Amino acid sequence: MPAYVFFLTNHLGEPFEAHELEFPDDQHAFNHAEILAARQYPVEIRLRGELIKQIPIGEWKAEDWLKPHLGPWPLT
C-alpha cells in the first residue's frame, strides 16, 4: 500500500504537523484528509514527495463581536 503524508498548514501555508499513513488508494487518503481538515486547518496530501491534493478550510467569517474591532465591514 502506498504511504501518504498529510500536512496540516498554518495561515502562512507552512506545514506544522505531519502524519504518514498507508491507504489502498487516493480516495481513502482523501477521506482521511477531510477528517483532518475538520480541525480547521488546510491539509496537503503528498505521495512520494509530490503534492496530489490540497484541502482548504471553509471561508473564514468573523464573529459578530469581532467585527467592530476590524474596521470597515465588510473588509475590502
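The table that follows gives values for the structure above.
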{"quantity": "Calculated [θ] (222 nm, deg cm²/dmol) that DSSP helices of n ≥ 4 give over the chain, each run adding -39,500 (n - 2.57)", "calculated": "-5000 deg cm²/dmol"}
{"quantity": "Probe 1.4 Å - accessible area at I35, Å² to nearest ten", "calculated": "110 Å²"}
{"quantity": "Using alpha-carbon coordinates, inclination of helix 26-37 to the longest axis of the chain, degrees", "calculated": "30 degrees"}
{"quantity": "The chain: relative contact order as a whole-number percent, Cα under 8 Å and 6+ apart", "calculated": "27 percent"}
{"quantity": "Average accessible surface area per residue within the chain, 1.4 Å rolling probe, Å²", "calculated": "75 Å²"}
{"quantity": "Dmax and Rg, reported as Rg then Dmax, of the chain (C-alpha, Å)", "calculated": "15.9, 52"}
{"quantity": "Probe 1.4 Å - accessible area at H69, Å² to nearest ten", "calculated": "140 Å²"}
{"quantity": "Built amide H within the under 5 Å cut-off of Y41, gap 5+", "calculated": "none"}
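The values are calculated or read from the model by the stated rules, or taken from the named source; none is laboratory data. These numbers come from a predicted model, not from an experiment. Heavy atoms of the whole protein, side chains included, go into the accessibility calculation; ligands, DNA and RNA do not. Shrake-Rupley method; radii C 1.70, N 1.55, O 1.52, S 1.80 Å.
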